[in-house]
1. Any chance you could list P(r) for segment 87-146, counting all Cα-Cα pairs in 10 angstrom bins from zero, rounded to whole %?
2. With a 1.4 Å probe and every protein chain kept in, tell me what percent of the accessible surface of segment 221-273 is carbon plus sulfur.
3. Run the reach check for residue 149 against lysines, Cα to Cα strictly under 30 Å, same-chain hits fewer than 8 apart removed. What comes back?
4. Mean separation of Cα pairs under 8 Å and 6+ residues apart, divided by the residue count of the chain: what relative contact order is that in percent?
5. Taking every pair of Cα atoms in segment 171-257, average 1/r, invert it to obtain the Kirkwood radius, and report Rg/Rh to two decimals.
6. Give me the orientation-averaged projected area of the Cα convex hull of segment 301-354, in nm², one decimal.
7. Would you kindly calculate the mean projected area, averaged across all directions, of the convex hull enclosing the Cα atoms of segment 240-380, in square nanometres?
8. Determine which lysines satisfy two conditions relative to residue 24: a Cα distance under 16 Å, and not lying fewer than 8 residues away in the same chain.
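The values are calculated or read from the model by the stated rules, or taken from the named source; none is laboratory data. Model, not experiment: these values are computed from the prediction. We place every Cβ from the backbone using ideal geometry, glycine too, and count neighbours over all the protein chains shown. With ligands, DNA and RNA removed, areas are computed over all heavy atoms of the protein, side chains included. Shrake-Rupley method; radii C 1.70, N 1.55, O 1.52, S 1.80 Å.
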Amino acid sequence: MRSRYLLKREYGQEQPYWRLGMFKIRLPFIHYPLELAEAVQAAIMFVVGMATIPLLQTYLGMSFEVALTVTILFMATLLLPALLGAPLAPGFITPAVPLVVVYLSAYEPGTEAIKAMVALHIVVAIIFLVLGVTKVASKLISSIPVSVKGGILLGAGIAALMGEIGEGGRFLATPLSIGVGALVIAFTLFSASFRLLCNRSKLGVMIANYGLVPGLLLAIGVGWAVGEYPLPQIEWGITSLAINELWQLLPFTIGWPTLEMFLTAIPVAIISYVIAYGDIVVGDSVIARADKARPDEVIEVDNDRLHVITGIRNALHALFIPQPGQGGPIFTALTASIATRYEFGRRAMESVYSGVGTFYLIAFFALFAMPLVTLFQPVLPIALSLTLLVTGYLCMVVGMQQVSNTEQYAVAGVTGVVLATQGAAWGIVAGIVLHILVERTSLLRRNNPPPDDAEPPEHQNAREAHT
């Protein structure tokens, strides 16, 4: 059942809004209704937002109460894109999380690591804001060799998988729950057989609409059933915010990052942006397909506006919400899930904004429900692990799709391995050097004509095509 809203959309028009400079303000109940399916999904999937709590505790030295406060404030920033006129469902820059963890590992948990995280947030915010205001984002990304971009994605994927299935990873510690959940998610999200099932079965479509939820719930159930995770101790009441304790960990109190921290953060920030831009491209294609399927609504995608909104979110992180997940422009799995249900028509979902807006509004309020928070608290490692495993899989798939010949495969592969094992700076250096040495040798061939007895290129191409 859908709630009512005040300003109705005319057929074939954009969803109503109030103009504020480059932004388009949309409020629930005024500019769009709430959607039941997204509300139900948010009441479970909000646990993904809590998934970085273990990282906040381990690498930034926060208590659970402070980490939960950071998570609630982070969820509040996820309300900004739908509020300001971006149709994509936002989230973390998830593929960059393993690289951020490696970056933070060089600092002592506590004030030093928090300062390093603040430096990274500031650099990422500047990148997004400058490129959004100047509108040169696409030109900058297109100048990066495809082999290096592919290597960055491969490296992020390798780091994500190594962190989970390698020594000391969560998979080895609790293989049954995470293994079952990962297999179910792989089947429901990536299997060709399941896509055929969706074409024949309404049950398959319903499962697909809920994205990660079925696999996540099954993994949690298995974890409790076999004793890999303790049963929850439910607490009643409303979550209280540890604002005073958080304030003692912010740069206004502990001081600002050093110049060395900013310089160290730059390579990680660049990689985070490249990954985020790739996510934006994927999100644009998802929204374009949804827009084509629904002639009743025009969906405007303004990537400059999206860049500015993402920059604002990361600036807020730097000041008040140090978060290893960073502020990413899109939660790809959720965006795809909302877009899929949106394509079923206006009766299924009034507007793409009602889907995105409902999800994050309910997810935000769910974090204040102590029974829900304490229900999922023991199994937060499952949510983080499944998110990183799915991210690693997608990064490796998209990374390999970037390259098309032997030289590019080699450059991307080595770049990915170096990046995953030695860090962002060495990965970028290795990728650029190998690109120049391996891929640009054609420059030498242009200056040296082939010998007289060499096979003409057109004959060689014809022979290779025949083979």
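1. In whole percents, the pair-distance histogram is 18, 37, 35, 10.
2. Numbers: 2080 of 3240 Å².
Here it works out to 64 percent.
3. 115, 135, 139, 292
4. Working: 735 pairs, mean separation 153.4, N = 467.
Taking the mean separation of contacting Cα pairs over the length of the chain, I get 33 percent.
5. Details: Rg = 20.1 Å, Rh = 16.5 Å.
Over the Cα atoms of segment 171-257, Rg/Rh equals 1.22.
6. Numbers: hull surface 18.1 nm².
For segment 301-354, averaging the hull's shadow over all directions gives 4.5 nm².
7. Numbers: hull surface 44.1 nm².
Mean shadow area of the hull around the Cα atoms is 11.0 nm².
8. Those lysines meeting the cut-off are 8.
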